[in-house]
Amino acid sequence: MSDPALDLSLPNKPPGPFGPPLMPPRVTDLSFSEGPPAIPSAAPWFGPNSKLGSRSDPVAPRTMIVGRGVLLSADISFCDRLVIDGNVEASLDECRELEISATGLFKGNAKVANAEISGRFEGDLFVRKRLIIRASGYVSGSITYEELEIESGGKVTGILMHESNKTTLLLPEPAFAKGY
């Protein structure tokens with residue numbers, strides 16, 4: 001006969017229907033004499049006093065961060081902010097802010113409200129408001145902008161076009177086109 005205290009065999013479960021796993025009780029269902037225990041937060045909570053979308057909060061809703069060493073190939077639509085530290089080959093449509101860090105590379109086309117480029121952008125870039133090219137930044141392709149700021153050392157190769165909602169700029173007809 002074996003001693004039940006030394007029985008190391010696995011317990012047998014009775015056969016039967018498989019149901020959902022048992023969930024632990026919610027904190028609101030438990031009663032505590034000294035208040036609820038502290039629960040570590042895995043993700044930030046965006047309560048009524050939070051500063052959603054502020055630049056000090058890098059992980060606000062509708063923010064996409066492509067980390068260093070990551071390669072992303074996609075069509076991206078309607079994000080508030082895209083931060084690129086890695087490599088992105090994409091078509092980006094209707095993003096409020098595009099930020100390419102010094103280690104970031106974007107290849108493709110982008111339509112954004114504002115862009116700040118410290119890394120590389122290659123393709124077609126349409127910026128409805130302000131484009132900032134930092135000293136380490138390199139932009140090549142077709143660039144349309146409302147406001148443009150290039151720091152000393154920043155490089156631009158390609159076609160620059162000013163976009164203005166107020167006026168349409170017309171270039172005069174060249175002399176060779178008039179038949180002179």
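A short reminder: the numbers here are calculations on the coordinates, not readings from a lab. Note that the structure is a prediction, hence the values are computed from the model and not measured. Glycine also receives a Cβ, built like all others from the backbone with ideal geometry; neighbour counts cover every protein chain displayed.
Here are the numbers:
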read-out	value
SER77-GLU149 FRET efficiency (beta carbon distance; Förster radius 25 Å; 0.05 resolution)	0.40
Quotient of C-alpha Rg and 2.2 N^0.38 Å, computed over region 63-162	0.93
